[in-house]
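Report on one structure; see the data block that follows.
The values are calculated or read from the model by the stated rules, or taken from the named source; none is laboratory data. Quantities reported herein were computed from a predicted structural model and do not represent experimental measurements. All Cβ positions, glycine included, derive from the backbone under ideal geometry; neighbour counts span all protein chains shown.
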Amino acid sequence: MHNRLLPTLLIITLLAMVAGFTYVHWSKSGPGAGLYSRDWLPDPVQGYWDPNNFYRSSDSVQGVFEGKQCVQCHEEITPGIVADWRASRHAQGDEKVFCNDCHGGDHQRLHLPTPEVCGSCHNKQQNESEDEARYGFPSHILAMERAVDAPHFADKPKAEVQSCVQCHSVATKCDSCHTRHRFDAAESRRPEACITCHSGPPHPDDTTYFASAHGQIYLAEGKDWDWSKPLTKGNYKAPTCAYCHMDAGRHQVAHKSMWKFGLREINPHTSNNQILRRRWIELCSDCHAEKEAAQWLGELDRERKQAWSMLYMAEAVLKNLRSDQLLQPSAAERPPYPMGSLWPMERIGFYEGQASAFYNVSGIERDYFEMWYFDNLGAYKSAAHGDSAGVKEGHQKMATSLEHIQTKAHKLRQRAATEQETEITPAAPSIWNSGAYTDYNREHN
Amino acid sequence: MRAIPQQRLTGILLALLCMTTPLVPADTSTPPGPFTDTECISCHTERDPDLIKQWRRGPHAAASKVVCSSCHGVQHAGANQKARQDQGCTGCHAGPASHSYSTSKHGVINRIAEGRQDWNQPLQRGNYRAPGCSYCHLHNGNHGDSMAPNHGPELRQWICSGCHSPRYVQAQLGNGKRQLEIADLKLTEGKKLIATAGASKDNALLKLQQSLAHHRKNILYGVGHQSPDYQWWHGQPALDGDLIRIREAIGKPHPESPLHTSPPGDSKLNR
């Protein structure tokens, strides 16, 4: 009997694996990109954010051109970028890097430079950047994949979610940090180079850093520092984003990242995280005593633990409401977005994919989303960047949100009890199912 | 009218100078200031009538009390350089208007390159590493806001394509328009829902109505200033949140609603 069972199981497993790979391959072969590629068509502007998948060259100009010809013509057409290029390192010396070296020379087959194109010269940086993939999400290199594989990206009108891929294009282009056509390393070392994307409610890296002692020194004196110097010990009076996260110019930004953006709870003391902690301590000890650095990491651990204890309390409130079918309207009574599962389900917390469930949900679910995504992440960024006032504010906001969620849950239960007593059902939840945008989204997702 | 005797004195000095150096141009006689706004306007109405006309018709016209000296200061020396820099605008245009720009790539580059930028250059294509407030809104010295909708998309297209390809600009402007259309759908949805509440509109709903308008404006700043953060986190998902809260507020049993007042057995609501 055993003799037959084992090979049968093996064959079934193999077949399931083949079927799985075939399904993923099929699902990725649609007109869009990623796991839901068969469900959407790109907005016309997406080619500029994800050139490998969507950029199509214009056929307005015919001919194959040499670099000097490109410059001559574009001096008139787009003088700004030619001036930029002339001031860049690419235009210096005898071996200049001309337009056609990165864009191609055939004007009807031009391409936007992808990391592979830049990597043909800057291969160390490209390799480092690609190496980041082994750390998983969140990371720069997997950012575009992460964006298009999010159910809300597949669901929402494509013009709307173009705002997502502008920042997530850090995976598909180098000019998020090295702005074209100057590509100045000194410029990308400045904290401002990061803040276009690292700002706003879920990741206030800008405000929390600028409010810290490090950021205050930078704001007061940074404009006079020599930014041509590499990001190594002794070159900068205070650390900047790049000094800590890309020390020595390493383009593998997840090298020390441990807390996963504050999106989910992690155990900071696993053997692997001990290595990452060691890396942080080594970096901080460029200026501070090791003991002090270890102490700060401990403070961050405690801050996270406290934050998660509050978040779990709120999650429990919501999950209990769900078990008692008190989340109204229920998933079955809402528009079918965001999609992502075969059966309608209220998704609560990181592991159930609540990151996509911030619209078409009940009020209390949105309350928890904001507590988790805005209050908590604000507190985490403040703690990690040394903005103590921000930590206090974030935790106060979380406490208020938790109380609000608990009160609301209590009222929902009371209301349900009244309804049962009086045998009255509330008005039909039809208001949740239609409207100018909701209807448009149903047709244009 | 303090400037007149100074002007005379400079004239005499210049006449003396001209005897020895006959090629000095006559208009270097411009006195240094300080000037009152009336003086600026009276002189520049003669010299640059178009500019004054643009200012009078534009958003900074007399009614808004933004006069020459508000941006240029009162001295001639450095008056243009002063007005071309972002700091000249951000004092009044604080909050989302300037934050959406200062965190955009244009704003970031402008801030970093500030020190090495030659602010004497006219606000024309090729002269600036990145556009500051003035480069787009007062392009080529246009004092009537060159980005205002009444100028049509052609002028905007021309300004952006000093650095970007015309096709790129079209694609970006087109996407911006679509993003705003989507925001408008959300506004329509929200306002219609609020209208169903009829006379029982409470403060919470009125606040949510304001919130819709506020978040829609953030998207306008986001697409205008190319700030992904204002398009997204301060914009679209914030509008989604408003819609949830509006529905929640309407769905709540009102003190006078049937849930509280009708006896069991009400024909419509009974199970």
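Kindly indicate whether residue A:367 is outside any loop (DSSP other than H, G, I, E, B) and more than 18 Å from the chain's Cα centre (by Cα). Yes: the conditions hold for residue A:367. If only residues of the stretch A:15-46 that are touching a residue at least 60 places away in the same chain (Cβ under 8 Å) and within 14 Å of another protein chain (Cβ to nearest Cβ) are counted, the one that is farthest from residue B:176 (Cα to Cα) is A:41. If you go through the stretch B:45-56 and keep only what is surrounded by 13 or more Cβ atoms within 10 Å (Cβ to Cβ) and of a type outside the set (A, V, I, L, M, F, W, C), you end up with B:45, B:48, B:53, B:54, B:56. Looking only at residues of the stretch A:184-236 that are aromatic (Phe, Trp, Tyr) and surrounded by 21 or more Cβ atoms within 10 Å (Cβ to Cβ), we find that the one that is nearest to residue A:381 (Cα to Cα) is A:209.
Just name the residue that is nearest to residue A:442 (Cα to Cα) out of those in the stretch A:370-396 that are over 21 Å from the mean Cα position of the chain (by Cα) and crowded, with 24+ Cβ neighbours inside 10 Å.
Filtering first and then ranking leaves A:391.
How many residues are part of a helix (DSSP H, G or I), closer than 24 Å to residue A:357 by Cβ and more than 7 Å from every other protein chain (Cβ to nearest Cβ) if we restrict to the stretch B:223-239? I'd like the intermediate steps shown before the answer.
Here is the first cut: in the stretch B:223-239, the residues part of a helix (DSSP H, G or I) are B:223-225, B:228-231, B:236-239.
If we keep only those that are closer than 24 Å to residue A:357 by Cβ as well, we get B:228-231, B:236-239.
When the remaining residues are screened for being more than 7 Å from every other protein chain (Cβ to nearest Cβ), the result is B:230, B:238-239.
Residues that pass the stated criteria total 3.
Among residues of the stretch B:180-193 being more than 23 Å from residue A:46 (Cα to Cα) and in contact with a Lys or Arg (Cβ under 7 Å, 6 or more places away or on another chain), the one that is farthest from the other protein chains (Cβ to nearest Cβ) is B:187. Just one of the listed residues (A:84, A:50, A:94, A:39) is in contact with a Pro (Cβ under 9 Å, 6 or more places away or on another chain) and charged (D, E, K, R), namely A:50. Residue B:105 fulfils the conditions (1) in contact (Cβ under 8 Å) with a residue 40 or more places away in the chain; (2) under 16 Å from the mean Cα position of the chain (by Cα); (3) within 9 Å of chain A (Cβ to nearest Cβ) except for a single criterion, (2). Do we find that residue A:323 is within 21 Å of residue B:190 (Cα to Cα) and of a type in the set (S, T, N, Q) in this structure? No, not satisfied.
Taking the criterion of being at pLDDT below 95, over 22 Å from residue A:338 (Cα atoms) and in a loop (DSSP other than H, G, I, E, B), the residues of the stretch A:127-141 that qualify are A:136, A:139.
Listed here are the residues, each with its yes/no results for (1) surrounded by fewer than 16 Cβ atoms within 10 Å (Cβ to Cβ); (2) touching an Asp or Glu at 6+ places or on another chain (Cβ under 9 Å); (3) within 27 Å of residue B:125 (Cβ to Cβ).
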{"residue": "A:36", "(1), (2), (3)": "no, yes, no"}
{"residue": "A:51", "(1), (2), (3)": "no, no, yes"}
{"residue": "A:66", "(1), (2), (3)": "yes, no, yes"}
{"residue": "A:108", "(1), (2), (3)": "yes, yes, yes"}
{"residue": "A:128", "(1), (2), (3)": "no, no, no"}
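Please go through (1) surrounded by 18 or more Cβ atoms within 10 Å (Cβ to Cβ); (2) more than 14 Å from chain B (Cβ to nearest Cβ) for residue A:338 and return the number of the only condition it doesn't satisfy. In the conditions (1) surrounded by 18 or more Cβ atoms within 10 Å (Cβ to Cβ); (2) more than 14 Å from chain B (Cβ to nearest Cβ), residue A:338 misses (2) alone.
Which one is farthest from the other protein chains (Cβ to nearest Cβ) among residues in the stretch B:240-262 that are modelled with pLDDT under 50 and in a helix (DSSP H, G or I)? Step by step, filter the stretch B:240-262, then rank; the result is B:261. The helices (runs of 4 or more DSSP H) located wholly in the stretch A:199-261 that include 2 or more residues which are away from chain B (no Cβ under 14 Å) and closer than 26 Å to residue A:132 by Cα occupy A:241-245.
Per-residue answers, yes or no, for (1) in a loop (DSSP other than H, G, I, E, B); (2) among the charged types (D, E, K, R):
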position: A:298; (1), (2): no, no
position: A:303; (1), (2): no, yes
position: A:310; (1), (2): no, no
position: A:313; (1), (2): no, no
position: A:320; (1), (2): no, no
position: A:337; (1), (2): yes, no
position: A:344; (1), (2): yes, no
position: A:347; (1), (2): yes, yes
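In the stretch A:359-383, how many are aliphatic (A, V, I, L, M) and in contact with a Ser or Thr (Cβ under 8 Å, 6 or more places away or on another chain)? Give the derivation first.
Within the stretch A:359-383, the subset aliphatic (A, V, I, L, M) is A:361, A:364, A:371, A:377, A:379, A:383.
Then keep just the ones that are in contact with a Ser or Thr (Cβ under 8 Å, 6 or more places away or on another chain); that gives A:371.
Residues that pass the stated criteria total 1.
When residues in the stretch B:114-126 are screened for being of a type in the set (Gly, Ala, Ser) and either farther than 21 Å from residue A:78 by Cβ or more than 8 Å from chain A (Cβ to nearest Cβ) (or both), 1 of them pass.
Residues of the stretch A:264-284 that are touching a helix residue (DSSP H, G or I) at 6+ places or on another chain (Cβ under 6 Å) and outside any helix (DSSP H, G or I): A:264, A:265, A:266, A:268. The single condition among (1) touching a Leu at 6+ places or on another chain (Cβ under 7 Å); (2) in contact (Cβ under 8 Å) with a residue 24 or more places away in the chain that residue A:360 does not meet is (1). Before we move on, is residue A:276 of a type outside the set (Phe, Trp, Tyr), without any contact (Cβ under 8 Å) to a residue 40 or more places away in the chain and within 14 Å of chain B (Cβ to nearest Cβ)? Spelling it out, it is not the case that residue A:276 is of a type outside the set (Phe, Trp, Tyr), without any contact (Cβ under 8 Å) to a residue 40 or more places away in the chain and within 14 Å of chain B (Cβ to nearest Cβ).
For the stretch B:127-142, which residues satisfy the criterion of being part of a helix (DSSP H, G or I) and within 14 Å of chain A (Cβ to nearest Cβ)? If the condition is that a residue be part of a helix (DSSP H, G or I) and within 14 Å of chain A (Cβ to nearest Cβ), then B:135, B:136, B:139, B:140 are the ones that fit.
If only one of A:397, A:411 is of a type outside the set (A, V, I, L, M), out of contact with any Cys (no Cβ under 9 Å at 6 or more places or on another chain) and within 12 Å of chain B (Cβ to nearest Cβ), which one is it?
Working: A:397 fails: within 12 Å of chain B (Cβ to nearest Cβ).
The match here is A:411.
Scanning the stretch B:157-169 for residues that are part of a helix (DSSP H, G or I) and under 19 Å from residue B:139 (Cα atoms) turns up B:157, B:158, B:159, B:160, B:166, B:169.
At least 1 residues being more than 8 Å from chain B (Cβ to nearest Cβ) and out of contact with any helix residue (DSSP H, G or I) (no Cβ under 6 Å at 6 or more places or on another chain) is the threshold, and among the helices (runs of 4 or more DSSP H) wholly inside the stretch A:142-193 those reaching it are A:143-148, A:151-155, A:185-189.
Once the stretch A:287-333 is narrowed to residues that are within 29 Å of the chain's Cα centre (by Cα) and among the acidic types (Asp, Glu), the residue that is surrounded by the fewest Cβ atoms within 10 Å (Cβ to Cβ) is A:299.
Residues in the stretch A:410-434 that are at pLDDT below 85 and of a type in the set (A, V, I, L, M, F, W, C): A:424, A:427, A:428.
Residue-wise test of (1) facing chain A (nearest Cβ under 7 Å); (2) over 27 Å from residue B:64 (Cβ atoms).
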| site | (1), (2) |
| --- | --- |
| B:144 | no, no |
| B:148 | no, no |
| B:153 | no, no |
| B:160 | no, no |
| B:169 | no, yes |
| B:178 | yes, yes |
| B:195 | no, yes |
| B:202 | no, yes |
| B:205 | no, yes |
